[in-house]
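Chemist: Here it is: the structure, laid out below.
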Amino acid sequence: MKELTKLETENNIRPTPEIDAFMKASSVGGKKHSISTDYILKVLGLDVCSETVVGSDMQRGVSGGQRKRVTTGEMIVGPRKTLFMDEISTGLDSSTTFQIVKCVKNFVHLMEGTVLMGLLQPAPETYELFDNIMFLSEGYMVYQGPREDVLEFFESLGFKLPPRKGVADFLQEVTSKKDQAQYWFDPSKPYEFIPVSKMADAFKNSRFGRSLESTLNVPYDKSRIHPSALSKTKYAAPKWELLKSCFAREKLLITRHRFLYIFRTC
């Protein structure tokens with residue numbers, strides 16, 4: 001905070017009162033919970049069970065959905081801005097999955113984070129919460145872009161979503177050789193199976209693929225990086241500090257199990 005205040009004074013910057021108050025409140029120590037922790041608890045809907053133990057197989061604690069959100073909250077609290085979440089809906093019902101994804105969406109939009117999440121056949125309500133879709137199949141990138149444009153891309157290939165069919169189920173079946181024929185909607189042309197490789201090539205040549213390529217090809221100006229932002233060495237601490245830390249750790253482990261080591265030595 002001192003460094004930030006110094007830079008603001010040097011550059012004649014007057015911060016927004018709300019942001020300034022939030023940052024100063026976040027830096028206050030000596031409290032049980034910081035304002036960031038309380039904010040994450042409210043965003044994830046965990047403020048109702050903030051004083052409840054998580055629990056285990058032998059001790060009853062929070063519910064299954066709340067436990068999933070606790071794991072998400074552990075990752076969100078702190079300076080992390082990017083999360084990679086794989087199959088978080090395993091073992092949960094659709095309503096709990098919807099709640100968790102909605103909380104993660106609030107984190108993305110309110111705290112300007114980035115989340116890459118993989119789900120297995122999400123419900124239509126959960127699917128509608130996503131901003132972008134990355135569709136992978138057989139090692140190919142079939143589609144990557146806004147969620148609203150994915151159906152338009154497949155309609156350009158000749159496949160259409162039937163009524164009362166979830167988009168997630170449609171995407172999972174449209175690349176399958178057994179299920180692809182039912183989505184062909186052009187009766188004037190005979191149906192012919194389109195493999196995933198051809199779909200990937202069609203995406204690269206479409207306006208969606210060209211838009212993505214133009215976005216990724218923008219060079220990044222490394223001169224704008226702050227000197228302290230990236231590590232220039234392999235290890236953040238010198239070797240002597242690493243040696244002392246490892247030695248202290250092993251000494252602590254031996255001290256905790258001193259009876260075992262003394263017995264074995266004798």
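Chemist: Just a yes or no: is a residue in the range 158-166 open to solvent by 20 Å² or more (accessible area, probe 1.4 Å), in a helix (DSSP H, G or I) and either touching a helix residue (DSSP H, G or I) at 6+ places or on another chain (Cβ under 9 Å) or at pLDDT 90 or above (or both)?
Modeler: No: the range 158-166 contains no residue that is open to solvent by 20 Å² or more (accessible area, probe 1.4 Å), in a helix (DSSP H, G or I) and either touching a helix residue (DSSP H, G or I) at 6+ places or on another chain (Cβ under 9 Å) or at pLDDT 90 or above (or both).
Chemist: For the range 51-67, which residues satisfy the criterion of being modelled with pLDDT of 80 or more and either under 14 Å from the mean Cα position of the chain (by Cα) or assigned to a helix (DSSP H, G or I) (or both)?
Modeler: Gln66, Arg67 - these are the residues of the range 51-67 that are modelled with pLDDT of 80 or more and either under 14 Å from the mean Cα position of the chain (by Cα) or assigned to a helix (DSSP H, G or I) (or both).
Chemist: Among residues belonging to the range 44-99 that are touching a residue at least 40 places away in the same chain (Cβ under 8 Å) and within 20 Å of Leu129 (Cβ to Cβ), point out the one that is most open to solvent (accessible area, probe 1.4 Å).
Modeler: Residue satisfying both the conditions and the ranking: Gln99.
Chemist: Being part of a helix (DSSP H, G or I) and either under 21 Å from Glu152 (Cβ atoms) or over 35 Å from the mean Cα position of the chain (by Cα) (or both) is true for just one of Tyr261, Tyr191. Which residue is that?
Modeler: The unique qualifying residue is Tyr261.
Chemist: Shifting gears a bit: Return the residues of the range 77-111 that are within 12 Å of the chain's Cα centre (by Cα), over 22 Å from Glu173 (Cβ atoms) and not in a helix (DSSP H, G or I); say none if nothing qualifies.
Modeler: Correct list: Arg80, Lys81, Thr82, Leu83, Phe84, Met85, Ile88.
Chemist: If Leu129 passes every condition in (1) surrounded by fewer than 13 Cβ atoms within 10 Å (Cβ to Cβ); (2) under 16 Å from the mean Cα position of the chain (by Cα) but one, which one does it miss?
Modeler: (1)
Chemist: In addition: Identify, please: which residue in the range 1-22 is part of a loop (DSSP other than H, G, I, E, B), open to solvent by 80 Å² or more (accessible area, probe 1.4 Å) and not β-branched (Val, Ile, Thr) and is, among those, nearest to Ile35 (Cα to Cα)?
Modeler: Checked the range 1-22; the qualifying residue nearest to Ile35 (Cα to Cα) is Met1.
Chemist: Can you tell me how many residues in the range 179-213 are of a type outside the set (Phe, Trp, Tyr), closer than 26 Å to Glu148 by Cα and open to solvent by 70 Å² or more (accessible area, probe 1.4 Å)? Don't jump to the end; show me each part of the working.
Modeler: Applying the first criterion (of a type outside the set (Phe, Trp, Tyr)) to the range 179-213 yields 179-182, 186-190, 192, 194-202, 204-207, 209-213.
Within this subset, residues satisfying the condition of being closer than 26 Å to Glu148 by Cα are 179-182, 186-187, 194-202, 204-207, 209-213.
Checking the rest, the ones that are also open to solvent by 70 Å² or more (accessible area, probe 1.4 Å) come to 182, 187, 198, 201, 204-205, 207, 210, 213.
So the answer is 9.
The values are calculated or read from the model by the stated rules, or taken from the named source; none is laboratory data. None of the values given here were measured: they were computed from a predicted structure. Neighbour counts are summed over all protein chains in view; Cβ atoms, including those assigned to glycine, are modelled from backbone coordinates with ideal geometry. Surface accessibility is based on the protein's heavy atoms, side chains included, excluding ligands, DNA and RNA. Shrake-Rupley method; radii C 1.70, N 1.55, O 1.52, S 1.80 Å.
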